Amino acid sequence: MNTRYMAGISLAIMALGFLITLFMTESTAVFLLRGGFEAGLVGGIADWFAVTALFRHPLGIPIPHTSLLLKNKDKIIRSLISAVENELLNKESIEDKLRKFNMIGIVGKLATRLVRKRSVRLAVLEFLVRQVQQVPVEKWVAPIQGKVSGWIDQFDVKNAADKAVTRLIESKVDQKAFDFMAGEVYEWVMRLDTRKMLGKLANEKMSEVKMNGLMGFAFQAFAGFMEEDKLGGILQDMLGSTVRDMRSPGNAYRDKIIQEIRVRLFQLADDDERLGRLKDWAKRWVEGEDGQAFIESRLGDARDAALSWLEAERENGGRAVFAVYRYVWRRIAGQPEWIAAAEERVLAYVIGLVQANHFRIGQLVQDNLDQMDDAALVRMLEEKVGKDLQWIRVNGAVCGFLVGLVLSVIVRVV
């Protein structure tokens, strides 16, 4: 039952009881009841007046020292703000509470509970899919071209070439490349069609040789004696043997050729003109249509690959999201010093934020109360504390009734 109705009923009972006892035959019991109801009525009316006087003028009559809340509204608001700022939510209490929180741990536990839910993982993937789909690939091309072009301008080609050549030699890449090429040449030389080609080529060149005298006669006799197949076999064996020997470490010709390759490489690395032309060509290519098309194509491929992966993960329930989160969280958990430092930085930032904006708590209370008119303020206070205040009226009527009985007994005895 509404406490206001209960208070009104209690007062009505006292008034009705008092009226009834006035017309009853006089007796000791009636005398006692009349005294109780009379005192209860006085007590109920007095408490009704007191409770009502807090919020408004009783019966609308501007009796002095009534409607206390509205008359002291500003004072009450200032007291409320002071209590909130200095007692309930003062800076020190907030800071003490914040220091007791393990913020990173709380955030980690909350994030873990969320990531374990399939719906949350799918929501994350859906968000990522929308973001990737909206990536303006064509708008990224020009900035990337500019960045790459600027990087080429600042790039020290000569130093890079020198380091590259040095690294190649230290890693014996030149020797490995030579051995690879020599192996390929050997395989080509030892083929049957190569033998035929060498024999035919040698026979054609020998027929073009012009010599006179005994030397010419001897040479023509040799050429007539040798067939294309024999000439090809001789040349094939000579070339194959030479290439095979060059693949053996320590071979003088091999070492000389590799040394010449190294000299040429260092000369190329030291050729400013060639390196400059290479740098200019690279810059023109990047800034040109070919470079633009290449960059745009690669960005498109990257976006398509990302979308395909995200779609596959969405069908898989977003397990990769949890795997990534678990990996990151384990890496963080394995660095307690970093966690402590991060916790301290976050705490310092939050405390600084609270200290810098603590005054806004009072401002918020002030603004909210200023937006309420007198009727709304009274209604809010009655809703919050009015129920308890109505019990004062009930208690006043009951206590008055009991006190009236006691006084009536004393009067009758005396």
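The values are calculated or read from the model by the stated rules, or taken from the named source; none is laboratory data. This structure is a prediction, so every number in the text was calculated from the model and none was measured. With ideal geometry, Cβ positions are generated from the backbone for all residues, glycine too; neighbour counts draw on all protein chains shown.
Structure notes:
- Any hit, segment 142-149, residues being within 30 Å of Gln292 (Cα to Cα), in contact with a helix residue (DSSP H, G or I) (Cβ under 6 Å, 6 or more places away or on another chain), among the aliphatic types (A, V, I, L, M) and at pLDDT 85 or above: yes
- Of the residues making up segment 132-141, those that are part of a helix (DSSP H, G or I) and in contact with a helix residue (DSSP H, G or I) (Cβ under 8 Å, 6 or more places away or on another chain) are Val132, Gln133, Val137, Glu138, Trp140, Val141.
- A Cβ distance below 8 Å, combined with a sequence gap of six or more or placement on separate chains, defines the contacts here; from segment 184-202, residues that are of a type in the set (Val, Ile, Thr) reach residues that are surrounded by 15 or more Cβ atoms within 10 Å (Cβ to Cβ) and at pLDDT 80 or above in the pairs Val185/Val243; Val189/Gln236; Val189/Leu239; Val189/Gly240; Val189/Val243; Thr194/Gln236.
- Residue that is farthest from Lys147 (Cα to Cα), among those in segment 265-280 that are surrounded by 11 or more Cβ atoms within 10 Å (Cβ to Cβ) and without any contact (Cβ under 8 Å) to a residue 60 or more places away in the chain: Gln267
- Residue match in segment 144-164 (condition: part of a helix (DSSP H, G or I) and under 30 Å from Gly232 (Cα atoms)): no
- The lone exception for Gly317 - which of (1) under 30 Å from Arg113 (Cβ atoms); (2) part of a helix (DSSP H, G or I) it fails: (2)
- Residue in segment 191-207 that is closer than 25 Å to Arg254 by Cβ, of a type in the set (A, V, I, L, M, F, W, C), modelled with pLDDT of 60 or more and buried (at least 16 other Cβ atoms within 10 Å of the Cβ) present: yes
- Filter result (within 15 Å of Lys196 (Cβ to Cβ) and at pLDDT 85 or above) within segment 224-238: Asp237
- Take the conditions (1) of a type outside the set (D, E, K, R); (2) without any contact (Cβ under 8 Å) to a residue 12 or more places away in the chain; (3) out of contact with any helix residue (DSSP H, G or I) (no Cβ under 6 Å at 6 or more places or on another chain); Asn251 misses just one of them, which is (3).
- One residue alone among Ile257, Ile332, Ile351, Ile339 is at pLDDT 80 or above and out of contact with any His (no Cβ under 7 Å at 6 or more places or on another chain), and that residue is Ile257.
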